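Worksheet for the structure shown next.
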Amino acid sequence: MKSIIVHGGAWDIPDDMLDEHRAGVSNALTTGWDILKNSGGALDAVEAAINIMEDDPTFDAGRGSFVNMAGQIELDASIMDGRTMRAGAVAAVRNILHPVTLARAVMDKSEHVLLVSDGAMRFAHEQNIPFCGADDLLVGREFERWKEIQTRPAYSGKEAFAGNTPARDTVGCVALDDNGNIASGTSTGGTPNKYPGRVGDSPIIGCGTYAVNSVGGVSTTGWGEAIIKVVLAKSIIDAIDMMKITPEDAAQHGISILHSRVEGYGGVIVLTKNGKFGTAFNTPRMARAYMSDEMSEPVVVV
Ligand code: ASP
């Protein structure tokens, strides 16, 4: 049984940006699905699908990411292998277009789970992960936004996700391959004008990303400071495992914990070991797409 689900962030996506979001998650899904169809593994599908969205300037991941308070782009990413429960993550890395690939190198080539900032970049050099210029990550839209934010009081993370503000577009993917292996990954530029060195939920295993073959996998998006406090991704996996609920109910359960306990906003994608999907969000919209052996064509929704 093969299944894959991707997300391109939970926020109030404006009407005039719906098409590019649909195209972006659809391209990522196709790339990951092609790998699964050709007997590729779940980890490869997740990494490749996320790479496509890191390349796509529509999303707050890789190229197109938000600029931080110091005028830099700092990226976070993680990936987890549900077969072995190995995991890799990087946080606050600069000049790397594909931080999820660096996260995978941390998982595959080091004994560590999370490397940050200069240490993560040193490891990237050692592993021959390509570096890019800051200009390769920065798009005009985000430079203009950053300049505009400097002219007024900053909004809080909660305001950014709750209201009609530009918080958005973290990307993630969960895949199940024919061997029953589940992998999950998440990549982000974080939140607009974030404090230098700020790390959100996306690279924190159990919060932004989680996968265990015997249950399923999750990737989250939304207000990172809230998501971390409820350990959102693992809470959803535990709910499926212990309460024997559907992935749809588990996704809703996760979002209701996020909102009721810490007034959080965001969205989640869930995939179980049986290849069943769940999604939930309490923002106005979340871009997502999914496909499985049981479906004749992919579903793409924003
Ligand atoms: N969760 C991400 C963060 O807080 C942002 C997002 O999902 O849009 O860094």
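Bear in mind that the values in this text are calculations on the coordinates, not laboratory data. As the structure is a computational prediction, the values presented were derived from the model and not from experiment. A quick note on method: Cβ atoms are made from the backbone with ideal geometry, for glycine too, and the neighbour counts reach across all protein chains shown.
Our coupling estimate for the range 198-204, obtained by passing each phi through the Karplus curve with A = 6.51, B = -1.76, C = 1.60 and θ = phi - 60°, is 4, 10, x, 7, 4, x, 9 Hz, Gly and Pro reported as x. Against the empirical curve 2.2 N^0.38 Å, the C-alpha radius of gyration of the chain lands at a ratio of 0.89. In terms of the Cα gyration tensor, with a ≥ b ≥ c the square roots of its eigenvalues, is the range 165-302 rounded because a/c is under 1.5, prolate because a/b exceeds b/c, or oblate? Prolate is the answer for the range 165-302, as a/c is 1.5 or above and a/b outweighs b/c. For the range 185-191, backbone phi angles converted through the Karplus equation (6.51, -1.76, 1.60; θ = phi - 60°) give residue-by-residue couplings of x, 8, 9, 7, x, x, 10 Hz, Gly and Pro being listed as x.
On the basis of the beta-carbon distance and an R0 of 30 Å, residue 86 and residue 195 show a calculated FRET efficiency of 0.50. Calculated [222 nm] ellipticity per residue, helices only, for the chain: -11000 deg cm²/dmol; basis is -39500 (n - 2.57) per DSSP H run with n ≥ 4, divided by all residues, nearest 500. Annotation: amide H-H contacts under 5 Å for residue 74 (H modelled 1.01 Å from N, sequence separation of 5 or more, or interchain): 68. Phi angles across the range 72-81 convert, under the Karplus curve 6.51 cos²θ - 1.76 cosθ + 1.60 with θ = phi - 60°, into 3J(HN,Hα) values of 10, 10, 10, 10, 10, 7, 8, 8, 9, 9 Hz, Gly and Pro given as x. Cα centroids of the range 66-103 and the range 218-297: 21 Å apart. Given their separation in residues at 0.36 nm each and the Cα-Cα distance between them, residue 152 and residue 241 gain 27.4 nm when the chain is fully extended.
Calculated over the range 224-297, the projected area of the Cα convex hull averaged across directions stands at 5.2 nm². Under the rule a/c < 1.5 gives rounded, and otherwise a/b versus b/c splits prolate from oblate, where does the range 1-134 land using the Cα gyration tensor? Oblate shape, in that a/c is at least 1.5 and b/c is the bigger or equal ratio.
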